[in-house]
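Worksheet: the structure to be examined is printed underneath.
Just so it is clear, none of the values below were taken in a lab; they were calculated from the coordinates. These figures come from a predicted structure and were not determined experimentally. Cβ: placed from backbone, ideal geometry, glycine included. Neighbour counts: every protein chain shown.
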Amino acid sequence: MFAHLRHQASPAPSRNLFRTGRWWLALGMFCGLWPDGSEIRGEEPQFVDLSLLIAPEYPCTWTTFPPFQINHYRQIGPLSAYNSDILILDGNTGTQLDVPPHSVTAPNSGLPNAGPFGLAFTDKIEAWQFGGEACVIDCQDLLDSTPAGRSDLVTRERIQAWEKANRPLRRGDVVLFHSGFSDKYYRPFPEGRRFGADPVAGLTPGWPDPDPDCMEYLASRGVLTLGTDSTSMGPLPNLAEPTHFAGLKHGMIWTESGIGFGQLPVTGAFYCMIGPKHAGDPYSEGRAFAIVGNPLAGRLISAAREKKVVDLSVTLADDLPSSWPGRGTGNHRQPYMTIRFGMNPNIKVPFMLHMLDSHTGTHLVPPSYALPAPGFDNGRYAPEIQAILKDYESRFGKRGTSTVTAEQVPLSQTCGVVRVVDVSQLRGTTPRDQRPSSPEITLERLKEFERTEGPLQPGEVVVFRSGWSDEFYRPLPAGEKCLADPLNGKSEGWPALTAEVVLYLSERGVACVGTDGPTLGGVNERRALQMYWALGSRGMVGVEFLTNLAQLKSGQYFVFAPIKVRDCHGGPGRAIAFD
């Protein structure tokens, strides 16, 4: 089973630049030039997934914290046309992101460890800091080199030796400590105890990690982003918190529990780690990956160094309209909830975990969201859904089937050169007596875009900008204008795609579409379901609930990565874009 996990962690590279959305790279390679006119060595970009698979039988949570849970509470059948899940997880789940308030308390709080970065929670970190050039520090000789319960240490001398052999570290680098710990020990239970519980209990050697002095040295070099392929950035038995504070007080962020770092070159790969945008959270579950091959890797590294990166994700909080309220009463999905437990001794506040629907906030729509598995009996649908299906198949052909959940969607499909289609002029165009309804993004509107902006290219990510989330994503009760009011006919809905447009996009080679509305399908239940059937039947995916699209321009490089939860029919994550 672990071999299967490793296989998914590094999907095979695409064999066709045009089909993978890098037509502009193909042009650059054909010309053999960087944008500044200098010669380049063209390489086909490869996406390398560096994230643990999150599943209940794996040691994917901190050994003393509540276990990860997934509940497939909506399943396609008589009661639902969709699959969806409830996720219960805290920020220390799977491959995870630590930010300064993990150890640094608020400035002027009077608490120990107060500092200027004490309020830099996961929703406040600037998007440019999530990525950079991977600088892989080989620490494999330190693996299993100590007595039980102790970690061998990565020292400043090892970093200095790496710099002598390679180049000086600098701002914009992402230092990755590669010991191979996750590769060797991330296994299903009971073997999985070796990943966390047994080292903490003093039964087996700990994971190698940097000591506080190493962190101070990296900070002096301007390095602000790190990663480790071990369980934590904290050496056992007693240097975990000193090491954390030594780095985080300088505004560092880092990846814990990465995997597969040995697949990367020593330098030159673009590394990125992004996760859901939890308000006020000192850590977050996330997705780490790398892109190997120029000119794409070089372009993204340069954009991160120059801070030319924009965040396109909504913030998650209990008082924001981030989850589906449904129409009427009792038709809602799992609301986003923050659950506090225990006490974080470093910052004197409780730990937090979250309960949420898998389509909360900025999220992925995989094919299996609306498509049943092969062999499904359509007679199991409710009568009204059967009628919608009959109409769909008379117009568009057989609805497909799928078992493709979020963790099976390749990252190369949710990333690519973006084309931004402005549909804001559609707002305010539906008659009041037709509500609840959404204005439709028609095929003619899309073709008009192509006539003025140029044809859509295979593999591009097409994003529809309406300004919806920018205007209406507000704390409740004002936030009811975002979802509840349109669903209940009190106001017009957000612009929505039609099945016809989805099929046209598929013909153009587009495999990922996005929107700054809550959903791609809008508030009309019939049209929304047919749109999702078309999307999934063509193997396409959606990214819903984007925001800040006024800062997104066609030609930028769009990146979206959902958390890697096995059998998940959605996928909370984060979207960013690079110049």
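Entry note, the chain: the mean residue ellipticity at 222 nm calculated from DSSP H runs of n ≥ 4, each adding -39500 (n - 2.57), is -5500 deg cm²/dmol after division by the residues and rounding to the nearest 500. Once backbone amide H atoms are built at 1.01 Å from N, V154 has D209, D211 as its partners under 5 Å, excluding neighbours fewer than 5 places away on the same chain.
If you take all other residues with their beta carbon under 14 Å from the beta carbon of L503, and give Lys and Arg +1 and Asp and Glu -1, the sum is +4. Go through F261, T155, L248 and say which Cα lies farthest out towards the positive end of the charge dipole of the chain; charges sit on Cβ, +1 for Lys and Arg, -1 for Asp and Glu. Value: F261. Ordering P100, V223, S322 by Cα displacement along the dipole of the chain toward the positive end leaves S322 in first place; charges were set at the Cβ atoms of Lys, Arg (+1) and Asp, Glu (-1). Compute the signed sum of charges (Lys and Arg +1, Asp and Glu -1) over the other residues within less than 13 Å, Cβ to Cβ, of P374. Computed value for this residue: +1.
Of the listed values (i) 69, 50, 49; (ii) 73, 62, 44; (iii) 70, 57, 50, grab the one calculated as Cα extents along the principal axes in Å from the structure here. Evaluating Cα extents along the principal axes in Å on these atoms matches (iii). Here the label points at E216 and K348, each 7 Å from Cα along the C-beta direction, are separated by 2.5 nm in the simple model. When the chain is described by a simple charge dipole with +1 on each Lys and Arg Cβ and -1 on each Asp and Glu Cβ, the residue from A406, C214, Q434 located farthest towards its positive end is Q434. Across the chain, Cα pairs under 8 Å and at least six residues apart give a relative contact order of 18 percent.
Here segment 141-244 is treated with +1 on each Lys and Arg Cβ and -1 on each Asp and Glu Cβ, and its dipole about the Cα centre works out to around 260 debye. Only Lys, Arg, Asp and Glu carry charge here, each on its Cβ (+1 for the first two, -1 for the last two); on that basis segment 359-578 has a dipole of about 160 debye about its Cα centre.
For the cross-link pairs K277/K564; K308/K553; K124/K308; K124/K307; K124/K348; K249/K307, which exceed 18 Å when the distance is taken from alpha carbon to alpha carbon? From the list (K277/K564; K308/K553; K124/K308; K124/K307; K124/K348; K249/K307), the Cα-Cα distance tops 18 Å for K124/K348; K249/K307. Each Lys and Arg contributes +1 and each Asp and Glu -1, all at the Cβ; summed about the Cα centre of the chain, the dipole is approximately 780 debye.
Between E163 and T442, the C-beta separation translates, for a Förster distance of 56 Å, into a calculated FRET efficiency of about 0.45.
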